[in-house]
Amino acid sequence: MRKASHIKLFNLLFVVVVALPSLFWLLGKETFFENTEKRKLAAFPTWSWSLDSIEKFPKKFEAYYGDHFGLRTEMVKVNNYAKREWLKVSGVRKVVIGKQNWLFFAGEKAIEDYRAEHPFTPEELQVIEQNLRYHQEQLSQKGIPFVVVIVPNKHTIYPEYLPNYIVKTNNPSRADQVVNILSNTSVQYIDLRAPLQQHKSKTQLYYRTDTHWNDIGGYIGYVQVMQHLMRVGIQPRVVMAEHLTVEQADLTGDLVRALSLNEFDSEPFIRCEPTLDKERVENTFKHLGNTGNHNLFKVNNEALPKLLMFHDSFGQTIRKYSSYGFKESVFVWNHRINHKLIEEYQPDVVVLEVVERYLPALLKDTPPK
């Protein structure tokens, strides 16, 4: 009798657990985490009596329900937390759980890039060289220096925190390949791998829970860029360490947000903010031609030069500092060098910043026929 009661109780609990998500959904209590997945959740499918609509409705409804069923967020959090804490694996494909709970980006073939699984072919390297030499020659005719800045992936600077199963091949890295070809051309470049590796023993340079370098890592990169510009005759005002206000705050990085573990994991970080020119003006706009988001900064000092910088997300930290050192600086979130913008803004120097995993973008920046 007692055994039968236990079975009934178990069956009841099973039905309740299975029914709860649908019950929450029907009551309109479903929760969302669209921001952590960085995608648009499936919408409720429209219905019509057409044969095509009837055939597609079940699949569309399944996608909708999969995105909106009740307790979805809570279940995902529990699943990802259990996998990370007990199994030391990630519940999301684009995130790798490293040692001491360091998180590494696995999207955009970042792990394959670290392992050097797919080095550039000789033909691809020739295209990259031709593309960069074209920009260098076009700008040289105008008397404008052109500098390529290569920012390393987090994996390159902190490989000791990667899990043991991620090991390098004997192939050269794509960064090594690009640096090698540029060293045999007149294209100026800055390879930030060595400076960052030299400083990593002094302080943390990349976030543990985020893809990017922190304000200190970005500042080290910024100083390297400014020193190079001064060597080629550009004289910006350099934001020195004493020009920075430093404060500590808590950060929940993009990788821990991707795991939906915002509530369980944050890290202290140092925020650095320049104190120069509080009257600096920022104007964010989008230029015609679909060339990416533009940020324009002006400083009231006509003696300073003008900067035009093409960049990715890592360039935002360099921008934080360098925007104080030029009378006018324009930052374009794009790896394509736009010569129409160069004609429009007439900069004194053009910088192309590219993080290691985006080096294949240099293949696409082909000169006009």
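Karplus-based coupling profile of the stretch 342-358, in residue order and whole Hz: 4, 5, 6, 8, 6, x, 8, 8, 10, 10, 10, 9, 9, 6, 3, 6, 9, with θ = phi - 60° in 6.51 cos²θ - 1.76 cosθ + 1.60 and x standing for Gly or Pro.
Stretched out straight at 0.36 nm per residue, the stretch from residue 364 to residue 302 would grow longer than its current Cα-Cα span by 18.7 nm. With the whole protein complex present, residue 307 retains an accessible surface near 10 Å², based on a 1.4 Å probe. Scattering from the stretch 165-235 was approximated by placing one identical point on each alpha carbon and applying the Debye formula without solvent; log10 I(q)/I(0) at 0.23 1/Å stands at -1.15. The alpha carbon convex hull volume per residue for the stretch 120-195 rounds to 98 Å³. Summing charges over neighbours of residue 149, with a neighbour being any other residue whose Cβ is under 10 Å away from its Cβ, gives -2 when K and R count +1 and D and E count -1.
Figure note: 230, 309 ranked by solvent-accessible area, largest first, 1.4 Å probe, ligands and nucleic acids not counted: 230, 309. Given a 1.4 Å probe and the protein chains as shown, residue 186 ends up with an accessible area of around 80 Å².
The values are calculated or read from the model by the stated rules, or taken from the named source; none is laboratory data. Predicted model, so just to flag it, every value in this text is computed and none were measured. Neighbour counts run over all protein chains shown; Cβ positions are idealised from the backbone, glycine included. Note: accessible area is taken over every heavy atom of the protein model, side chains too, but ligands, DNA and RNA are not part of it. Shrake-Rupley method; radii C 1.70, N 1.55, O 1.52, S 1.80 Å.
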